[in-house]
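Here's the structure, in structure tokens; my notes come after.
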Amino acid sequence: MYKALRDELMAGALAPEERLGEERLAERYGVSRTPVREALARLQADGLVERHDAGLFPYRPRLDTLGDYYELRITLEVQGIARVLDDPELGHDRAVLGPEIDRWRAFRTAPPDPDAGFVDADEQFHTVLLDSSGNRALTDALRTVNARIRPVRMFDYLTPDRMLATIEEHIVIGEAVLDRDLTGAREQLLAHIDQSRRVVADRAGQVLQLTRMARATKT
């Protein structure tokens, strides 16, 4: 139920002004209201559903602010590397970062199928990488930014090529950090985040266009 409704929301199949009532959705999917209620709660936590005065409605990405949030994300993540570059007494905690890189090596061996939920694994990599630099305040700020752009970032994991690229790029970045090639790691991280930004902006824009077309057809 959760995945089916999530896929429809991400495909723009439900108009932004369409209230997501439990009874109507239960009829639509042929289930009871309990799994609908549980799915809506998870989707609200994901940011794909928003609560307004009249109830729950589909989230629609605001592409005009996406660039601002990505700029902040880049600032936070790069600072984790910069602070270690600037102070020779600092270093990334291998006990924190090492197991995370091993997890991504396992993904390389057995890649998961494309799925929007892969954003969970992606967010974990970036927060662990930043946390291993030793500044928890930076990590907390990144989690806040991630929560804002999470619904849009889900669009990055819908095709095998993007899944494989993400896995490989994470390994390259993590191994560069562990090898103390911090200049190379910073360059790879910047390229990785920028490519993700381009992909999600393009795909989210396509969904917004489809939504507008569907709305025009109904009128």
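The trypsin sites (Lys or Arg not before Pro) of region 116-205 that meet both conditions, a loop assignment by DSSP and at most 16 other Cβ atoms within 10 Å of the site Cβ, are ARG180. Under 1.5 on a/c is rounded, so check that first for region 119-193, then, if it is not, pick prolate when a/b is larger than b/c and oblate when it is not; a ≥ b ≥ c are the square roots of the alpha carbon gyration tensor eigenvalues. It comes out oblate by the Cα gyration axes.
The per residue volume of the convex hull around the alpha-carbon atoms of region 16-93 is 144 Å³. Estimated from helical segments only, the mean residue ellipticity of the chain at 222 nm is -24500 deg cm²/dmol, where each DSSP H run of four or more residues counts as -39500 (n - 2.57). The order of VAL172, VAL36 by accessible area, most exposed first and with a 1.4 Å probe, is VAL172, VAL36. What the phi angles of region 152-159 give under the Karplus curve with 6.51, -1.76 and 1.60, with θ = phi - 60°, is a coupling list of 6, 5, 4, 5, 7, 10, 9, 9 Hz, glycine and proline written as x. A full extension of the chain between GLN195 and THR34 corresponds to an added length of 54.0 nm, given 0.36 nm per residue minus the alpha carbon distance. Only protein heavy atoms count here; under a 1.4 Å probe, HIS192 has an accessible surface of about 10 Å². Which net charge results for the neighbourhood of ARG162, defined as the other residues with beta-carbon distances under 15 angstrom from its beta-carbon, given Lys and Arg at +1 and Asp and Glu at -1? Spelling it out: positives minus negatives among the neighbours equals -4.
Rounded to the nearest 10 degrees, the angle from helix 182-218 to the longest Cα principal axis of the chain is 10 degrees. Shape of region 74-123 from the C-alpha gyration tensor: oblate (a/c of 1.5 or more and a/b not above b/c, with a ≥ b ≥ c the square roots of its eigenvalues).
Altogether, the Stokes-Einstein calculation at 37 °C and 0.692 mPa s, with the Kirkwood radius of the chain over Cα pairs as Rh, returns a diffusion coefficient of 175 µm²/s. Within the full protein context, the accessible area of ASP120 is estimated at about 80 Å² for a probe radius of 1.4 Å. May I ask for the net charge around LEU130, where only other residues with Cβ less than 14 Å from the Cβ of LEU130 are counted and Lys, Arg are +1 while Asp, Glu are -1? Once all neighbours under 14 Å are counted, the net charge is -2.
The values are calculated or read from the model by the stated rules, or taken from the named source; none is laboratory data. It should be emphasised that the depicted structure is a prediction, and the values quoted were computed from it without experimental measurement. Here the Cβ is made from the backbone with ideal geometry for all residues, glycine too, and neighbour counts use every protein chain on show. Just so you know, the surface numbers come from the protein's heavy atoms only, side chains and all, with ligands and any DNA or RNA stripped out. Shrake-Rupley method; radii C 1.70, N 1.55, O 1.52, S 1.80 Å.
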